[in-house]
C-alpha cells in the first residue's frame, strides 16, 4: 500500500476522524495536527513538507468527516 502524503488531505482526515472521533478538528492547533499526521502508520511524507495551507486542508476535510459522523449519530 502506498504511503500518504501531505496532499492526501481527504484520506488523512478519514484516518484522523477514526483515531480521534471525539475531537473537534477546529479546536486542534496546527502543531498538534502536524504531530498526529506524522504519527499515522499510513503516512510516509517528509514532515518538513507540510505548511499552513496543507494543514488547513487536512483540518477542513477532517471537520467535514467530524460533522458527517455527528449527523449520522444524531439520526440513529
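Every residue, every condition in (1) out of contact with any helix residue (DSSP H, G or I) (no Cβ under 8 Å at 6 or more places or on another chain); (2) in a helix (DSSP H, G or I), yes or no:
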residue: 7; (1), (2): no, no
residue: 22; (1), (2): yes, no
residue: 32; (1), (2): yes, yes
residue: 38; (1), (2): no, yes
Selection within region 24-50 - touching a residue at least 40 places away in the same chain (Cβ under 8 Å) and either in contact with a strand residue (DSSP E or B) (Cβ under 6 Å, 6 or more places away or on another chain) or surrounded by 11 or more Cβ atoms within 10 Å (Cβ to Cβ) (or both): 24, 25, 42, 43, 44, 45, 50
Mind telling me which of the residues 64, 18, 71 ends up being in contact (Cβ under 8 Å) with a residue 24 or more places away in the chain, in a helix (DSSP H, G or I) and on the phi < 0 side of the Ramachandran plot? 64
State which residue is farthest from residue 7 (Cα to Cα) when the search covers only region 40-51 and only residues that are part of a helix (DSSP H, G or I) and out of contact with any helix residue (DSSP H, G or I) (no Cβ under 7 Å at 6 or more places or on another chain). 48
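Throughout, read-outs are computed from the coordinates displayed, never taken from laboratory work. Since we're looking at a predicted model, the values are computed, not measured. No Cβ is skipped: glycine too gets one built from the backbone with ideal geometry, and neighbour counts run over all protein chains shown.
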